[in-house]
Amino acid sequence: MVMVSSPLETQAYYMIKKIAIVILNWNGRKYLESFLPSVCSNTYPNLEIVIGDNGSTDDSISFLQEKYPFIKVIETGTNLGFAGGYNEVLKNLEADYFILLNSDVEVTDNWVEPLITLMEKNPSIAACQPKICAYHQKSEFEHAGAAGGFIDKLGYPFCAGRILDTIETDHGQYNNSREIFWASGAALCIKAEAWKKVQGFDKDFFAHMEEIDLCWRLKAIGYKIWYCGQSVVYHVGGGTLNKENPFKTYLNFRNNLFMLQKNLPFWRSLFTIFIRFWLDFLALLHFLFQGKRKDAIAISKAHIHFFRNFNKTVRKRKQIKKIKSISNIYQGSIIWFYFVKGKKKFSQLAANRFS
């Protein structure tokens, strides 16, 4: 456990570390109106708030100009997705730390300070996330990040506090800060130097799992990813693409295959992707039996587009430094754990199965 100091104890960091909180917006005026007040109430003195507008067609820009003229707005001109949008916006900013924050997130008092304190005291940490709870049910964790992200040996992501679709109630069981595998893009604090070293997100992901790919690449060059239990935010979730959207299904299945091909050692990637094809086929059949034909088609399209981009992804993996041993991968199947063994809480996972 890493002890995080109080805000007063971190005063030495305040004046020398510049923080840029960057909110990527796409037609999210209602979220800006609801949640910008909490973001603007920050007490951290060396902080800039930036809105990256991703080609919005609503009145987001005019709203910001009228109500928040002091906030810097960077327009991409078109919707580049979560990954491409952040890449475009962050290349125009200079700071020591970037905090990527979803527009549908409500922050709490002094939420920035514990993140920066944790990372300043541990130079090997490239990125971290706060505790992410649900905005509409604040006693529960939120799907996109919860208390820190992990993956299993087949590349399925899950979180402390959320396995597949089962959400845990927050009883303080994950208040201790700890090393994780991936930090949520809903509230991602990252060292600007580390971001630049790995050239940010892979823009071809467009949205979904780009933060897992980013964290994997950071770990491959020796950095660590952490969860900070002393910082809390509340996330609405599904603000841009809800979980019933077939396009989200397509992105999740396609990007997961991209990520495995890019980051796993060669022979392990071939074996893992082969297994995943069959598991994805079972998921396709499951959607068909549920009458969700569009989701089944989305999985098929994901596989087709994966193969169409196979050589492109081969070129990408050649540029990534590979470390044989990447920490905090669950050496089991979360699908088996969940559906066969019937265990649905992170605390039920054997600690010695993570390596």
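Remarks
- Residues in the stretch 331-344 that are assigned to a loop (DSSP other than H, G, I, E, B) and surrounded by fewer than 16 Cβ atoms within 10 Å (Cβ to Cβ): 331, 341, 342.
- Residue-level analysis places residue 149 outside the set of residues that are touching a residue at least 40 places away in the same chain (Cβ under 8 Å), crowded, with 23+ Cβ neighbours inside 10 Å and closer than 13 Å to residue 233 by Cβ.
Yes/no per residue for (1) under 18 Å from residue 154 (Cα atoms); (2) in contact with a helix residue (DSSP H, G or I) (Cβ under 6 Å, 6 or more places away or on another chain):
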site: 282; (1), (2): yes, no
site: 288; (1), (2): no, yes
site: 291; (1), (2): no, no
site: 296; (1), (2): no, yes
site: 301; (1), (2): no, yes
site: 310; (1), (2): no, no
site: 315; (1), (2): no, no
site: 335; (1), (2): yes, no
site: 340; (1), (2): yes, no
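- Contact map, the stretch 327-355: residues that are within 22 Å of residue 219 (Cα to Cα) paired with residues that are of a type in the set (Lys, Arg), Cβ distance under 6 Å, separation 6+ or inter-chain. Pairs shown: 330/353; 331/153; 331/353; 332/353.
- Scan the stretch 142-155 for residues that are over 12 Å from residue 182 (Cβ atoms) and within 15 Å of the chain's Cα centre (by Cα) and the total you get is 3.
- Some residue of the stretch 284-292 being buried (at least 17 other Cβ atoms within 10 Å of the Cβ), at pLDDT 95 or above and more than 23 Å from the chain's Cα centre (by Cα): yes
- Among (1) out of contact with any Ser or Thr (no Cβ under 9 Å at 6 or more places or on another chain); (2) in contact (Cβ under 8 Å) with a residue 40 or more places away in the chain, the one test that residue 189 misses: (1)
- Condition met for residue 66 (at pLDDT 95 or above and more than 29 Å from residue 134 (Cβ to Cβ)): yes
The values are calculated or read from the model by the stated rules, or taken from the named source; none is laboratory data. These numbers come from a predicted model, not from an experiment. Cβ coordinates were reconstructed from backbone atoms using ideal geometry, including for glycine residues, and neighbour counts include every protein chain displayed.
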